[in-house]
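See structure below.
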Amino acid sequence: MASQRGERLTRLGATAPPTLFLLAFFLVPALIVVLASFQFPGEFGGLAPLADPGDGREHGLTLENIQFFFSDFLFTEIFLRSFVVAAESTLICLVMAYPVAWLIAKSPKQHRDFLVLLVILPFASNFLIRVYAWMIILGPQAALARTLNGVLGAFGFEPVSLLFSPFAVLVGMVYVHLPFMILPLYTNLEKHDPLLLDAAQDLGANAWQRFWRVTWPLSLPGVFAGSALVFIPVLGMFAIPDILGGTRDMLIGNLIKDQFLGVRDWPFGATLSIVLTLCVLALAGLAAWAGKARRTHA
Amino acid sequence: MRRLPVWLKLAAAASFAFLYVPLVVVVAYSFNDSRLNAEWVGFTLDWYRVLFGDKEMQLAARNSLAIALVASLCATFFGTLAGLAIHRYHPRWLVLLVITPVAMPEILLGVSLLVFFIQVLHLTLGLVSVVLAHITFSIGFVAIVVRTRLAGMDESLFEAARDLGASPWQTFRLVTFPLILPAVVAGFLMAFTLSLDDFVITFFTAGVGVSTLPLQIYSMIKIAVTPEVNAISTLLMLLTLLLVVAASRMDKGFMKGGG
């Protein structure tokens, strides 16, 4: 009896503190944002009161924010653009990550930990520093832009700006998120049984067939995991377009940031956050479903 | 063992170069005797001199370290408990509660905490709000590292302790805790690094009163870029390098759990 009570106390002691903290500082704030998306903006930023203040000011709940979102195609366009940038970043990351993940998985065991550390190290340096590095490399006075514009000029073309362009945003997105694609891919590829490839070879499969018919299908869970880890953060990213992009390269994140810190329309910002959250949940569900579907087939 | 084709090795080498060249450029230009990050002029330590004379940067560095220390200690406490609870009792809702803040785009956590702090707690944004925000997003990382360590351990050790008459608390203090300590320390170092590096969530929860190193770097990048940014970047990189190497030495599972 005493031990059963002790067991229950242990369980409560371990579970309660993190649960209470995360309920208070994650779940409740998330629900507040849902509520805020149905409120009016306050007079000086913030939110208008829910109860009638009795002086004719706006109060209570409204569907105005979501109506506003659909009233102007500009907002949908920014969401679509963000999805395109996220898809492009994911695809480029996949193409760049696969050879690295493969190389690490096929390396002798004693080298693998070191190679993984090599992938993690740049990711451990500050996010802003990594974005800033591309400001230098793509800058108008740097060697890259000068060489490119020299060549363009020789053929009579107008000089181009590498920095503050959609190109710079894409490079930044890929650079910051590449390790998120490499690591799950490597974890997956490492588990493949090399005998499968030997068997395929004995059955007459060439190198391309061995990859396309054996390695690639088996690696799909890793591909889906990595894609989710790149696509989702890129979708909500505001700092990279903010630093490397031009004024027209605004993505969802920038739009949300502006509502909270610029124009101070919190309810509309909350609405945008909810729409983004729904997109993310749908994507995460899709990735989980795709991963599961593969596993049952295999 | 099957040999890898040369083009695959070249492609992997290109990806590694892509990862490292930008960082090398930042470090190299921190020693460059020119205001422009454009071409190599000559070696100097002037930018480090400028950096060490920069009062705002010193204040930001102090804030960053204080926030990181308090936030990572608290996150280690909550995260270790969460890792233990998840391993032992498998509560699905706790897994969701711990993982979701990590898996969401950071901006969502940032704005929800901003609204919560101001609208519900009526808190003046500053050190306290930043620390609370950092604890929230770090718990998941610590929990994952601790849980990975527990998953790799032999359950019979705990059963043996119980069979020998140890109370749950004694089992924890004398068996479980010493065994997971490397993972706890690794989780702490990871939370510390994440807090020190965080920009997005800090950006929304710091308000105007308090600056941290990433906020300071951001405003310098946005307003006037000088190689002083390269100098602080180089020092920060050195610090995180030490922290990551220390964390991976502490716990073998760190890289897989943390990655």
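Being free of Cβ contacts under 8 Å to residues at least 40 places away in the same chain, among the hydrophobic types (A, V, I, L, M, F, W, C) and within 11 Å of chain B (Cβ to nearest Cβ) is the filter here, so list the residues in the range A:210-228 that pass it. Result: A:F211, single match. Taking the range A:92-207 as the region of interest, the helices (runs of 4 or more DSSP H) fully inside it that hold 1 or more residues being of a type in the set (K, R), under 30 Å from B:T212 (Cβ atoms) and in contact with a Pro (Cβ under 7 Å, 6 or more places away or on another chain) are A:127-138.
One residue alone among B:V50, B:V6 is touching an Asp or Glu at 6+ places or on another chain (Cβ under 6 Å) and farther than 26 Å from B:L189 by Cα, and that residue is B:V50. When B:A85, B:A66 are checked against the criterion of being surrounded by fewer than 17 Cβ atoms within 10 Å (Cβ to Cβ) and either within 20 Å of B:F192 (Cα to Cα) or modelled with pLDDT under 95 (or both), a single residue qualifies: B:A66. Here A:G13 meets each of (1) small (G, A, S); (2) closer than 30 Å to B:Y89 by Cβ; (3) touching a Ser or Thr at 6+ places or on another chain (Cβ under 7 Å) with one exception, condition (3). Given the criteria part of a helix (DSSP H, G or I) and within 28 Å of B:Q119 (Cβ to Cβ), does A:L235 qualify? Yes; evaluated as a whole, the condition is true for this residue. Taking (1) free of Cβ contacts under 8 Å to residues at least 12 places away in the same chain; (2) under 21 Å from A:N126 (Cα atoms); (3) outside any helix (DSSP H, G or I) in turn, B:A38 satisfies each apart from (2). For the range B:127-170, the set of residues classified as among the polar types (S, T, N, Q) and buried (at least 20 other Cβ atoms within 10 Å of the Cβ) consists of B:S129, B:T136, B:S138, B:T148, listed by residue number. In this structure, is A:R112 among the charged types (D, E, K, R), away from every other protein chain (no Cβ under 14 Å) and either more than 28 Å from B:D198 (Cβ to Cβ) or surrounded by 17 or more Cβ atoms within 10 Å (Cβ to Cβ) (or both)? No.
Restricting attention to the range B:142-171, the residues being assigned to a helix (DSSP H, G or I), farther than 21 Å from B:T76 by Cα, within 11 Å of chain A (Cβ to nearest Cβ) and among the small types (G, A, S) number 0. Within the range A:86-95, which residues are crowded, with 21+ Cβ neighbours inside 10 Å and within 13 Å of another protein chain (Cβ to nearest Cβ)? A:A86, A:C93 - these are the residues of the range A:86-95 that are crowded, with 21+ Cβ neighbours inside 10 Å and within 13 Å of another protein chain (Cβ to nearest Cβ).
Can you tell me which of A:L278, A:L283 is touching a residue at least 40 places away in the same chain (Cβ under 8 Å) and under 29 Å from A:V176 (Cβ atoms)?
A:L283
Please work out which one of (1) more than 19 Å from the chain's Cα centre (by Cα); (2) crowded, with 17+ Cβ neighbours inside 10 Å; (3) within 12 Å of chain A (Cβ to nearest Cβ) is the condition B:Y48 fails and give its number. Checking B:Y48 against (1) more than 19 Å from the chain's Cα centre (by Cα); (2) crowded, with 17+ Cβ neighbours inside 10 Å; (3) within 12 Å of chain A (Cβ to nearest Cβ), the one that fails is (3).
B:A28 satisfies every condition listed in (1) assigned to a loop (DSSP other than H, G, I, E, B); (2) of a type outside the set (S, T, Y); (3) more than 9 Å from every other protein chain (Cβ to nearest Cβ); (4) more than 29 Å from B:V210 (Cα to Cα) except (1). Screening the range A:41-67 for residues that are touching a strand residue (DSSP E or B) at 6+ places or on another chain (Cβ under 9 Å) and assigned to a loop (DSSP other than H, G, I, E, B) and picking the one that is nearest to A:S273 (Cα to Cα) gives A:T62. For first residues located in the range A:22-39 and more than 9 Å from chain B (Cβ to nearest Cβ), partners that are assigned to a loop (DSSP other than H, G, I, E, B) and among the β-branched types (V, I, T) and lie 6+ apart or on another chain with Cβ distances below 9 Å form the pairs A:F38/A:T62; A:Q39/A:T62. Scan the range A:51-73 and tell me whether some residue there is modelled with pLDDT of 90 or more and among the β-branched types (V, I, T). Scanning the range A:51-73 turns up at least one residue that is modelled with pLDDT of 90 or more and among the β-branched types (V, I, T). Restricted to helices (runs of 4 or more DSSP H) entirely inside the range B:172-249, those with at least 2 residues that are under 13 Å from the mean Cα position of the chain (by Cα) and facing chain A (nearest Cβ under 10 Å) are B:177-197.
Taking the conditions exactly as written (closer than 23 Å to A:L80 by Cα, hydrophobic (A, V, I, L, M, F, W, C), away from every other protein chain (no Cβ under 11 Å) and crowded, with 20+ Cβ neighbours inside 10 Å), does A:F231 satisfy them or not? Answer is no for this residue.
Considering the range B:80-110, and only residues there that are at the interface with another protein chain (Cβ under 7 Å from one of its Cβ atoms) and part of a loop (DSSP other than H, G, I, E, B), the residue that is nearest to B:D198 (Cα to Cα) turns out to be B:P105.
The values are calculated or read from the model by the stated rules, or taken from the named source; none is laboratory data. None of the values given here were measured: they were computed from a predicted structure. So basically every Cβ, Gly included, is an ideal-geometry build from the backbone, and we count neighbours across all protein chains shown.
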